[in-house]
1. Would you check if Q16 is closer than 19 Å to E414 by Cα and more than 10 Å from the ligand (Cβ to nearest atom)?
2. Conditions first: (1) among the β-branched types (V, I, T); (2) over 25 Å from N193 (Cβ atoms); (3) not in a helix (DSSP H, G or I). T315 passes all but one, so which condition is the exception?
3. Of E375, E391, E346, which residue is outside any loop (DSSP other than H, G, I, E, B), loosely packed, with under 14 Cβ neighbours inside 10 Å and not assigned by TED's automatic domain parsing to the domain that holds F52?
4. Looking only at region 128-171, which residues are surrounded by 22 or more Cβ atoms within 10 Å (Cβ to Cβ) and either at positive phi or part of a strand (DSSP E or B) (or both)?
5. Considering only region 37-58, I want to know if a residue exists there that is without any contact (Cβ under 8 Å) to a residue 60 or more places away in the chain, within 11 Å of the ligand (Cβ to nearest atom) and surrounded by fewer than 16 Cβ atoms within 10 Å (Cβ to Cβ).
6. Looking at E227, E177, which is the one that is over 23 Å from the mean Cα position of the chain (by Cα), part of a helix (DSSP H, G or I) and of a type in the set (D, E)?
7. Within the bounds of region 104-113, is there any residue that is within 13 Å of the ligand (Cβ to nearest atom), surrounded by 12 or more Cβ atoms within 10 Å (Cβ to Cβ) and either at pLDDT 75 or above or over 26 Å from the mean Cα position of the chain (by Cα) (or both)?
Amino acid sequence: MTARLQRTLKRAVRLQDMSVISSDDLIRVDADGYQEIRRSATRARNEGQPAFVCDHCGFAVYAPREPKTRLPFWRHHKGAPRSCPWWTGEPGSTDDVSASQFQGAQESPLHLRVKHLVAELLAADPRTEPGSVVVDEYVMCGESRRRPDVRAIYDGKPIAIEIQLATTQIPIIVAREDFYQREERHLIWLTWNFVPVERAHLLTAFEDIFYSHNKNLFSLDDEVVSESRERGAFLVRAFWEHGSGWNSKITTLADLEWPSSGLPYAVAPPPPWHREFRARWLAATTAQGTPWPARKELFSELAKKLDDDSIDASTLEESDIAALLNAILSFVEGNPVGSAQRNLTEVINTFLASERRFRFARIMRKVIAVTGVPEILDKPSVVAKFSRATEDAQSGPDSHAGRVALLLFPELFEKRQLTR
Ligand SMILES: [Zn+2]
């Protein structure tokens with residue numbers, strides 16, 4: 001069976017950007033960050049292309065949770081060289097639960113019961129297209145096929161419902177989500193009688209589908225079933241936990257949010273502070289710039305978030321942060337922000353026309369490279385501007401400008417976001 005975990009895999013490398021993530025970094029990552037690593041490692045593995053590798057032997061690794069402590073750790077995938085000094089033993093079947101094993105397996109009587117209950121309730125719902133409810137039949141998409149527990153056309157949308165009773169593994173969860181996405185069918189993970197527990201104690205299988213549904217979880221229970229029958233509508237109980245304990249409500253599927261990509265949800269998590277701040281900054285900004293009273297107020301809030309007594313609104317003002325923010329936002333938004341320029345090439349050329357902003361050139365080069373318009377960097381006028389500007393000393397990640405950029409645009413500087 002599974003060898004005991006004897007050694008620690010100390011460092012992994014994320015191939016996408018070659019950043020090194022130590023086992024300590026991994027433990028410090030917050031729940032959202034961990035889930036991102038977990039999913040990207042799984043998705044890459046499903047596609048036969050590793051995302052994270054051992055820093056020693058270069059073999060693919062993944063990041064399961066240690067069952068007792070629930071702390072994530074790096075582990076080699078099956079087949080890693082035993083000669084690696086960080087060899088962690090051969091993983092057991094948790095790693096490579098094959099789809100065939102699942103499709104061929106006998107399901108539990110509860111799974112069977114819930115599946116038919118869902119089919120019955122869906123069929124009785126007038127929003128369901130008559131005759132469209134199908135249990136356990138294959139859906140084909142290109143070369144691959146899946147057999148959803150229940151599928152139907154509901155409210156004009158093709159849907160698939162998969163019952164999750166604490167058993168489905170992340171490789172299968174991710175593979176199904178990708179399959180139905182390609183097939184343009186909306187997937188709903190549904191569990192039975194979910195009992196809210198502290199997030200730290202949430203079963204990993206539930207945590208995975210919780211993230212799938214934009215941090216919502218859907219469940220059926222006796223009460224929901226009888227109310228469904230009374231109302232003649234398919235109902236689910238939606239749970240969400242956005243940092244302040246669990247909430248729940250009974251809802252129809254039609255009342256959910258159905259994003260064009262990704263799975264439906266009942267209640268969206270509040271946007272993170274940096275997104276909200278950016279929205280307020282944008283709202284206060286016109287082609288003439290960001291006017292002072294509003295700018296001062298926003299700067300005071302930003303300064304507080306930087307958590308550094310030596311920084312206040314006037315420090316940020318003196319560092320020309322308003323111009324930097326508007327320049328970055330122009331590229332993030334895809335159109336000039338806080339300036340009367342006609343296009344992004346003019347934005348960057350005007351921005352770098354001022355000597356006091358030369359030190360922001362490195363930050364701006366990164367921004368332009370990752371916001372989808374890197375060809376702007378090849379324009380002769382822009383090349384000349386950057387070439388002159390980068391002769392000066394550049395603001396690094398610890399400068400005021402660098403810290404503001406990382407705080408407000410973590411997605412543009414992903415490597416640092418991981419261990420924030
Ligand atoms: Zn290794």
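The values are calculated or read from the model by the stated rules, or taken from the named source; none is laboratory data. Predicted, not measured: the structure shown is a model, and the values here were computed from it. Here the Cβ is made from the backbone with ideal geometry for all residues, glycine too, and neighbour counts use every protein chain on show.
1. Values: closer than 19 Å to E414 by Cα: yes; more than 10 Å from the ligand (Cβ to nearest atom): yes.
Criteria met by Q16.
2. (3)
3. E375
4. V150, R151, A152, Y154, I159, A160, I161, E162, I163
5. Yes, region 37-58 has at least one match.
6. Checking each option against the conditions leaves just E227.
7. no
This table checks each residue for (1) acidic (D, E); (2) within 25 Å of the chain's Cα centre (by Cα); (3) surrounded by fewer than 17 Cβ atoms within 10 Å (Cβ to Cβ).
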site	(1), (2), (3)
A205	no, yes, no
Y211	no, yes, no
W246	no, yes, yes
D255	yes, yes, yes
Y265	no, yes, no
P269	no, yes, yes
R278	no, yes, no
T290	no, no, no
